[in-house]
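Working notes for the structure below.
What follows draws every value from the coordinates through simple rules; no lab data is involved. The structure presented is a predicted model; accordingly, all values stated were derived computationally and were not measured. All Cβ positions, even for glycine, are placed from backbone atoms using ideal geometry, and neighbour counts span all protein chains on display.
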Amino acid sequence: MFKRQTTRSRRSTHSKVLEVRVMSPRIAWLGALRVAGSLTKLACILAVIAGIGWGGWQGIQHAFYNNPDFRLQVIDLNANPVIDEVELVKAAEIDLSANLFKIDVKEVERKLKCLPEIAEVHAERHLPGTLMVRVTARTPWAWISCPAAGLPEVRRPGAMLVDHDGIAYPCPVLQLESAVRLPSIQLPASKGNPIIAGKRINHPELAHCFHLLDSACEADAEAIHWIDSVKQTNEWSMLLTTRQGIAATFGLGDHTRQIANLRAAMEHASQKGYAIETINLIPKRNVPITVHGDARATPPLIAETRPTETREKRRTR
């Protein structure tokens with residue numbers, strides 16, 4: 001008994017025969033047919049899915065986007081002092097004949113927010129045909145004038161207003177009536193702090209003027225209407241002019257006391273029948289006053305007025 005040994009040359013020949021059989025044309029053809037069949041099935045499945053998607057999209061188009069029942073019929077805009085429906089359509093570029101679903105509410109919001117007089121805006125679709133828009137207008141605090149920068153001291157539509165946050169914006173036509181009696185703040189030209197609509201005014205003198213107006217309004221809620229203009233005249237003083245023509249000099253601080261002295265002087269002038277021309281409120285005692293023409297009463301040299309005192313307490317003394 002002996003084992004039959006296969007030589008190396010015979011094993012090599014056997015491998016070559018097997019390779020020839022595996023790579024025969026018939027087997028390759030059958031493999032290609034199987035791949036083609038799989039691709040055909042996949043293509044059919046994809047075609048069915050695409051057909052379903054196309055049919056669904058066409059159904060959505062017919063049910064919503066091309067449905068005349070959803071045509072824009074009403075623009076529901078909240079009452080506000082800066083924009084009406086006509087201006088809204090123009091600013092947001094709304095097609096009044098469009099379907100409600102074809103109106104991009106986010107784009108409407110974006111375009112309206114570009115208007116400097118509008119602080120916030122929100123838009124929604126309300127079926128079947130209403131576009132609801134809610135805007136929050138900026139509340140003006142004063143007019144801004146800067147003759148050197150081409151902003152004259154005028155109160156008209158298009159002139160520059162500023163809200164309490166320091167944002168400048170042109171006065172809308174609808175807001176003129178409520179803003180016309182606001183005071184004017186005069187600022188010098190500044191290349192580093194330009195006055196641009198829709199942007200915050202970073203001019204340091206604006207902060208001083210705002211502080212003076214705030215102090216005046218804290219003492220008298222109507223002060224915003226009897227103050228005509230405010231400006232900083234130099235590094236240590238400011239000039240406030242009333243609608244009665246009084247030119248009052250203030251310091252950059254201690255405004256509560258100075259406003260109290262100004263109100264006391266105005267009240268005394270009204271009672272005694274004389275008109276104040278100038279008053280320097282920086283001194284704490286013996287405030288100097290000049291009067292118009294021949295005064296029928298001599299104005300007092302005002303002593304220091306305590307900010308916490310009320311008008312009633314002063315009368316009882």
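Taking amide H as placed 1.01 Å from N in the peptide plane, the amide H of Lys284 sits under 5 Å from none that are at least 5 places away or on another chain.
Using the Karplus equation 6.51 cos²θ - 1.76 cosθ + 1.60 (θ = phi - 60°), what ³J(HN,Hα) coupling, rounded to whole Hz, does each residue of region 144-156 give in order, writing x for Gly and Pro? Per-residue couplings from phi come out as 10, 10, 8, x, 5, 9, x, 10, x, 7, 10, 10, 8 Hz. Quick one: check the C-alpha center-to-center distance for region 96-126 versus region 156-228, whole angstrom. Result: 28 Å between the Cα centres. Taking amide H as placed 1.01 Å from N in the peptide plane, the amide H of Met238 sits under 5 Å from that of Thr233, Phe250, Gly251, each at least 5 places away or on another chain. Sorted fewest first by neighbouring Cβ atoms within 10 angstrom, Ser178, Ser215 come out as Ser178, Ser215. Straightening the chain between Ile49 and Asn234 buys 58.9 nm, computed as 0.36 nm per residue apart minus the Cα-Cα spacing. Apply 1/(1 + (r/R0)^6) to the Cβ-Cβ distance of Glu85 and Asp254, taking R0 = 41 Å, and write down the FRET efficiency to the nearest 0.05. Plugging the Cβ-Cβ distance into 1/(1 + (r/R0)^6) gives 0.25. Between Glu153 and Glu120, the C-beta separation translates, for a Förster distance of 25 Å, into a calculated FRET efficiency of about 0.25. In plain terms, the chain from Ile103 to Arg285 could stretch by 58.9 nm, reckoned as 0.36 nm per residue minus the Cα-Cα distance. Using the Cβ-Cβ distance between Leu174 and Ala247 with R0 set to 41 Å, the FRET efficiency works out to roughly 0.75.
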